[in-house]
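What follows is a set of notes on a single structure, which appears directly below.
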Amino acid sequence: MAASHFHTHMNEEIHGCRHAGLGSRVIPTFRALGINMLFMSDFHATAHPNDPGPIRLAEQKVYFDASRRHSDRDFLILPGEEPNGYLGAHYNMVFSKPVFWTMVRRAGQPSVEDIPPYGKVYHIGSLADEMEMLRQENGWVWLAHPRTKSSDGYPEPSRTASS
């Protein structure tokens, strides 16, 4: 059984930030409920989502490493995100492997570059950039909470914007 859209703030817990949330402490609860695949939605308003790279990429690495560490043969954590960027509403994104990316693309900056020690890094500055990253990396994207909260009126505008 899979479950999604949890803001546990696992990354902040690892860093000992004041916004530390449930993080790894809820994993035994998910396991006890019979959930064996968990789609996280961290980096939502905390953990420097709009940093152009240095802070965000380091935090993504910690997030990916922690997700791997808390996963095993019977339980998989997919480190997703709720970026609230270019689709207009609140949406979740997840990839089948670690994908490093920023939500900032400076003038003249390539959309993809190699940055040691992370490897391929995407810089997203538009909906087209975001959709191309999702296509290239076989990412999944879905509306986080249709027609409620900050997604009122969606998904209809997202469908036309992304086609």
*asked:* Can you find, within segment 26-52, the residue that is surrounded by the most Cβ atoms within 10 Å (Cβ to Cβ) among those that are at pLDDT 80 or above and assigned to a loop (DSSP other than H, G, I, E, B)?
replied: 41
*asked:* Looking at the structure I just gave you, is residue 92 of a type in the set (S, T, N, Q) and within 15 Å of residue 7 (Cβ to Cβ)?
replied: yes
*Restricting segment 1-25 to residues that are among the aliphatic types (A, V, I, L, M) and under 22 Å from residue 95 (Cβ atoms), which is modelled with the highest pLDDT?*
1
_If a residue must be acidic (Asp, Glu) and in contact with a His (Cβ under 8 Å, 6 or more places away or on another chain), how many such residues does segment 61-107 contain?_
2
*Considering only residues that are in a loop (DSSP other than H, G, I, E, B), touching a residue at least 40 places away in the same chain (Cβ under 8 Å) and at negative phi, look in segment 118-145 and name the one that is surrounded by the most Cβ atoms within 10 Å (Cβ to Cβ).*
144
*Give the residues of segment 72-111 that are part of a strand (DSSP E or B), closer than 12 Å to residue 133 by Cβ and hydrophobic (A, V, I, L, M, F, W, C), sorted by residue number.*
93, 100, 101
*Are any of the residues in segment 53-70 within 20 Å of residue 136 (Cβ to Cβ), hydrophobic (A, V, I, L, M, F, W, C) and outside any strand (DSSP E or B)?*
yes
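The values are calculated or read from the model by the stated rules, or taken from the named source; none is laboratory data. Everything quoted here is computed from the prediction, not taken from an experiment. Ideal geometry is used to build each Cβ from the backbone, glycine not excepted, and the neighbour counts take in all protein chains shown.
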